[in-house]
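Engineer: Below: one structure in structure tokens.
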Amino acid sequence: MSQQAWTIRRLEELDDTHIEGLADVLIDCVERGASVSFMLPLMRERALAFWYRVASEVAAGERALLVALDQHGVCGTVQLVLAQPENQPHRAELVKMLVHSRARRQGLGAALMKAAESMARDCGKDLLVLDAVTDGDAPRLYERLGWTRVGPIPRYALMPNGEPCGTTYFYRDLKV
């Protein structure tokens, strides 16, 4: 599958079809070991509830959401948390960068990250922060894309199976 097999677009409102597809991606990622705030087993109702909450925050302008779509539906997503304290209007937090297993290792993660940076600029944000499992695959991607590693925090979170994992923080200054 090439990059032309999927498209990325910003959603400013989510319908039930989007939410179902996003829940599928979240469940797929958690079942494959992604530490993205959820523990195993991740029941569909919990995944759907999460995306309905995200949908309300997107509608309120508190989050910005990108989805990647392929011939089967949603295959990836990333969000920017736009609502920040009043002394940080210039920044956003990049969260829940998820790629379905069927679309991995095809450049979609990098494409979502680049699209998120562009969306951040469109939203008036010029500083992004994120965190990732220290020993996971994501830190290599982020560094390759020009993100700066701040440092790890040991035992910060749990993997979906309950094992502790370190988290590493990164930032991307979009002004440079």
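Since every read-out is calculated from the coordinates, none of them should be taken as a lab result. Keep in mind it's a predicted model, so treat the numbers as computed, not measured. FYI the Cβ positions are ideal-geometry reconstructions off the backbone, even for glycines, and counts take in every protein chain you see.
Engineer: Let me spell it out: the conditions are (1) over 22 Å from G21 (Cα atoms); (2) out of contact with any strand residue (DSSP E or B) (no Cβ under 6 Å at 6 or more places or on another chain), and R105 meets all of them except one. Which number is the exception?
Structural biologist: So R105 meets the others, but not (1).
Engineer: Would you be able to tell me the number of residues in the stretch 131-151 that are β-branched (V, I, T) and closer than 10 Å to Y171 by Cα? Walk me through it before giving the result.
Structural biologist: In the first step, residues of the stretch 131-151 are kept if they are β-branched (V, I, T); the result is 133-134, 148, 150.
After this cut, where a residue has to be closer than 10 Å to Y171 by Cα as well, the list is 148, 150.
Final tally of qualifying residues: 2.
Engineer: If you take the residues in the stretch 33-47 that are of a type outside the set (F, W, Y) and in contact with a Lys or Arg (Cβ under 9 Å, 6 or more places away or on another chain), which one is nearest to A103 (Cα to Cα)?
Structural biologist: Among them, the one singled out is V36.
Engineer: Separate question: Would you be able to say whether some residue in the stretch 4-14 is assigned to a helix (DSSP H, G or I), free of Cβ contacts under 8 Å to residues at least 40 places away in the same chain and under 19 Å from A138 (Cβ atoms)? Step through it out loud before you land on a result.
Structural biologist: Here is the first cut: in the stretch 4-14, the ones assigned to a helix (DSSP H, G or I) are 4-5.
From what's left, free of Cβ contacts under 8 Å to residues at least 40 places away in the same chain: 4.
Now narrow it down to the ones that are under 19 Å from A138 (Cβ atoms): none.
No.
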